[in-house]
Amino acid sequence: MPNNLPNDFISNLEQIVTDKGLIVEKNEIRPYITERRGRFVGETLCVVKPATTKEVSAVVKLCSDNKVAIVPQGGNTGLVSGGIPFAEDRAIILNLSRMNTIRDLDPINNTMTVEAGCILQTIQDHASKNDRLFPLSLGAEGTCEIGGNIATNAGGINVIRYGNTRALILGLEVVTPTGEIWDGLRSLRKDNTGYDLKQLFIGSEGTLGVITAAVLKLFPSPKEQQTAFLALNSLEDALPLLNMAQSMIGDALTSFELIPRIGIEFSQKHGHRVIDPIEAKHDWYILMEASAGTANSFLPDLFTKYMEKAFEEQWVLDGVLAQNKAQSDSFWLIRENVTLCQKPEGGSIKHDIAVPVSSIPTFIRKANAAVKKLIPGIRPYPFGHVGDGNIHYNLSQPVGMDKQAYLNRWEEVNRVVHDIVIDLNGSISAEHGIGRVKVKENAHYKSSIEIKLMQQVKHSFDPLNIMNPGKLIPSIQPKK
Ligand code: FAD
Ligand code: 2HG
Ligand code: ZN
């Protein structure tokens, strides 16, 4: 038993979360403290899995009374180690997976009320069965939970049309760090009655309270969809191509993703059933999609005209318009594999950056030159949500280099890349959050006033600092 824990702490927890709600065995704990990509293994006192909001409240009160820290956890797919405690935190993991009830779907109000542990894909499927769309979509959707999506303000592939998670939430139920329950499960599109507290919890990465339920916005389910895989003439041509999509296809445009040649190569080498849709090799590709909530929307016509114009302007050298759902799925399979197939190529130093869309080519070219100078042979792997100005600027290790020696350069490489991002008025975390991994780096770039204001917010919600300590906010005062 770790230091200073009251003897009856674990038995009190056991009484709150009866029936498989408490895990103390080392082997059973391991998956909960292991980051999905195996980069970190944390340490926890135990894993608690409450089944109701009242149980969450009782667990939090017990922890607050005993000054034991709490790390909320959903599907543990986060990429910045926000949902894992480390030895110095002396924390329990409060895992929400058992709170997985869909409480309500209101087809007239176009809302769905769900508990925090509902898996994102289950929510999408339930919306679809009711002829509605819940548009949040990301590679981890079969595992991540809506509570985690809200806590990280997740982005994904449909942000260009529907916004980040923040734009999809109407109400929240939260257990505060003192164990009180705030029922903010409103399903209103208009509510100007004071500070919009839910917005503080969205993106707070478990540092201000435990999200137990949410009211989600639904949309008409798509009746027509068009997906195209296009080879760019040059990286710079992505910009006029996007611009033209926004003016010709308008609001129907849902995704505009960048894929580099190296992404196709890694996917074909390590993925399953990945077929390059275009025979000739090109440096850069765009995977784009548009959808309409009504049939006979003229979308197919619009899309065809759009592609004709793109060829005419020579922004696109080659391209395929999906003829059916299977072909469209095969394009998206490539995109999924671009994410998954970097790992078998050895160490990857990762960045999740945003710059104004107009600066994307400048960013990629400057960053490529800088990192190649730093580590000859490094393999830039920039991909992702270019339509939102968000690039996953990942860097695969040089072939043959020792993996650990490469990963030891992580912070040095981050600094070089992030300096370029900040010069271009960008962000060092576009959608994955800060977690534990980027706390220092964030404090380095943010002004002291911004960090101080965040610390004040944190302190007013959680004066004992028991809610996910050491994440998001630095424990030291920043220099500036
Ligand atoms: P966890 O990893 O369990 O937790 C994440 C953070 O949220 C932690 O700080 C945790 O303490 C907090 N938290 C979790 N649940 C709660 C709760 N109920 N109350 C309060 N705090 C809570 N992210 C994107 O934004 N866009 C992408 O396109 C994307 N693609 C991905 C693809 C893959 C293959 C993988 C592995 C990850 C991807 N991610 C992406 C990252 C990740 O899936 C998201 O951050 C996701 O929202 C995390 O959800 P989760 O349930 O796994 O949360
Ligand atoms: C994606 O868009 C995810 O695929 C994961 O955000 C990005 O692995 C990554 O760096
Ligand atoms: Zn992403």
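Numbers below:
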read-out	value
Residues of region 415-448 satisfying the condition of being away from ligand 1 (no atom under 16 Å from the Cβ) and small (Gly, Ala, Ser)	GLY426, ALA443, SER447, SER448
Residues of region 391-418 that turn out to be among the β-branched types (Val, Ile, Thr), surrounded by fewer than 20 Cβ atoms within 10 Å (Cβ to Cβ) and under 21 Å from LYS438 (Cα atoms), as a count	1
From the options LEU105, LEU79, LEU120, LEU96, residue that is in contact with a Cys (Cβ under 8 Å, 6 or more places away or on another chain) and not aromatic (Phe, Trp, Tyr)	LEU120
Residues located in region 322-353, provided they are more than 16 Å from ligand 2 (Cβ to nearest atom), surrounded by fewer than 19 Cβ atoms within 10 Å (Cβ to Cβ) and of a type outside the set (Ser, Thr, Tyr)	GLN323, ASN324, LYS325, ALA326, GLN327, ASP329
Filtered residues of region 153-176 (kept if within 12 Å of ligand 3 (Cβ to nearest atom), touching a strand residue (DSSP E or B) at 6+ places or on another chain (Cβ under 9 Å) and farther than 19 Å from ALA290 by Cα)	none
Helices (runs of 4 or more DSSP H) fully within region 75-186 counting 3 or more residues that are under 30 Å from PHE9 (Cα atoms)	146-152
Matching residues in region 388-411 - criterion: being within 13 Å of ligand 1 (Cβ to nearest atom) and under 16 Å from ILE157 (Cα atoms)	ASP388, ASN390, ILE391, HIS392
Top-ranked residue in region 204-221 [being surrounded by 20 or more Cβ atoms within 10 Å (Cβ to Cβ) and assigned to a loop (DSSP other than H, G, I, E, B); ranked as farthest from ligand 1 (Cβ to nearest atom)]	LEU218
Lone qualifier among PRO382, PRO356, PRO376 - being crowded, with 17+ Cβ neighbours inside 10 Å, of a type outside the set (A, V, I, L, M, F, W, C) and not assigned by TED's automatic domain parsing to the domain that holds SER255	PRO382
Residues satisfying the stated conditions in region 1-41, i.e. touching a Gly at 6+ places or on another chain (Cβ under 9 Å) and part of a loop (DSSP other than H, G, I, E, B)	GLU35, ARG36
Selected residue [crowded, with 18+ Cβ neighbours inside 10 Å, farther than 22 Å from LYS440 by Cβ and modelled with pLDDT under 95] from LEU5, LEU94, LEU45, LEU62	LEU45
Among residues of region 142-165, those that are touching a helix residue (DSSP H, G or I) at 6+ places or on another chain (Cβ under 6 Å) and more than 14 Å from GLY206 (Cα to Cα), counted	5
Residues (touching a residue at least 60 places away in the same chain (Cβ under 8 Å) and away from ligand 2 (no atom under 16 Å from the Cβ)) located in region 395-425	TYR406, ARG409, LEU424, ASN425
For PRO361: the one exception among (1) on the phi > 0 side of the Ramachandran plot; (2) touching an Asp or Glu at 6+ places or on another chain (Cβ under 7 Å)	(1)
Of the criteria (1) of a type in the set (Asp, Glu); (2) within 19 Å of LEU200 (Cβ to Cβ); (3) crowded, with 21+ Cβ neighbours inside 10 Å, which one ASP388 fails	(2)
The lone exception for LEU333 - which of (1) in the same structural domain as TYR285 (by TED's automatic domain parsing); (2) in contact (Cβ under 8 Å) with a residue 12 or more places away in the chain; (3) more than 16 Å from ligand 1 (Cβ to nearest atom) it fails	(3)
Exclusive hit being hydrophobic (A, V, I, L, M, F, W, C), out of contact with any Ser or Thr (no Cβ under 8 Å at 6 or more places or on another chain) and within 16 Å of ligand 3 (Cβ to nearest atom), set LEU138, LEU45, LEU62, LEU94	LEU138
Qualifying residue in region 443-456 (condition: in contact (Cβ under 8 Å) with a residue 24 or more places away in the chain, closer than 13 Å to SER204 by Cα and not assigned by TED's automatic domain parsing to the domain that holds SER64)	no
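The values are calculated or read from the model by the stated rules, or taken from the named source; none is laboratory data. Everything quoted here is computed from the prediction, not taken from an experiment. Note that we place each Cβ from the backbone using ideal geometry, even for glycine, and neighbour counts take in every protein chain shown.
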